[in-house]
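See structure below.
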Amino acid sequence: VRRNVFGHVAGIGSADTGVRASGGKVVLLHNDFVNHANAGLLYGGGAELYLRDNIFSSNARGIEETGSGSSLFGQFNVFFANGSDRTGSGTWENDIAAADPSFAQSSAGDYRLLPASPVRGSGFGGADPGVYDGPRFIPYDIAPDGTIPRPPRELTAAYQGDSVALDWQANVESDLQG
């Protein structure tokens, strides 16, 4: 399960539990579990879980194990403002506790990390944890300019063995990307 927001926002959706896992193998990568009255993740019944680069924020319990016979391995997960971060057994590596992920506007369901978020780059291999990984963040209150970029100047293509080399002169523009 990859790149989902399991959350409860102002009366929309279920406020109980984000994901329930029972039996079998479950892999959870780059997800946000937010604002659940019970648990962001509830697991048991012999489940085998692998969690990496997830954010658990503002849940009664971030992760809760029910029963016995399950296994969990977690890496590079962020835990913030949960009643308890995790209950039960498990193996944890490189987790980040008590670091506010600095969501753009969580009250409106915008769980992108702000550019100055203290958890940016703290995921596996320097990735951003959570559902939105990467440098292409545009703050919610800034709209793209909508201008079509000018074509490159002096574009040339040269065949070189089994590839083509492109060369051009960049245009200077005042949009967000320059």
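A few remarks follow.
- Boolean, residue 73 is farther than 14 Å from residue 42 by Cβ, touching a Leu at 6+ places or on another chain (Cβ under 9 Å), at pLDDT 85 or above and open to solvent by 60 Å² or more (accessible area, probe 1.4 Å): yes
- Residues in the stretch 88-125 that are in contact (Cβ under 8 Å) with a residue 40 or more places away in the chain, open to solvent by less than 40 Å² (accessible area, probe 1.4 Å) and aliphatic (A, V, I, L, M): 119 alone.
- Of the residues making up the stretch 151-162, just one is under 36 Å from the mean Cα position of the chain (by Cα) and open to solvent by less than 80 Å² (accessible area, probe 1.4 Å), namely 152.
- Residue within the stretch 130-145 that is closer than 30 Å to residue 27 by Cβ, modelled with pLDDT of 85 or more and of a type outside the set (S, T, N, Q) present: yes
- Members of the stretch 70-82 that are polar (S, T, N, Q) and assigned to a strand (DSSP E or B): 71, 75
- Any hit, the stretch 52-65, residues being more than 17 Å from residue 17 (Cα to Cα) and not aliphatic (A, V, I, L, M): yes
The values are calculated or read from the model by the stated rules, or taken from the named source; none is laboratory data. What you see is a predicted model; the values in this text were computed from it and never measured. Because the Cβ atoms are built from the backbone with ideal geometry, glycine has one as well, and the counts that use them run over all protein chains shown. To get the accessible areas, we keep the full protein, side chains included, count just its heavy atoms, and leave off ligands, DNA and RNA. Shrake-Rupley method; radii C 1.70, N 1.55, O 1.52, S 1.80 Å.
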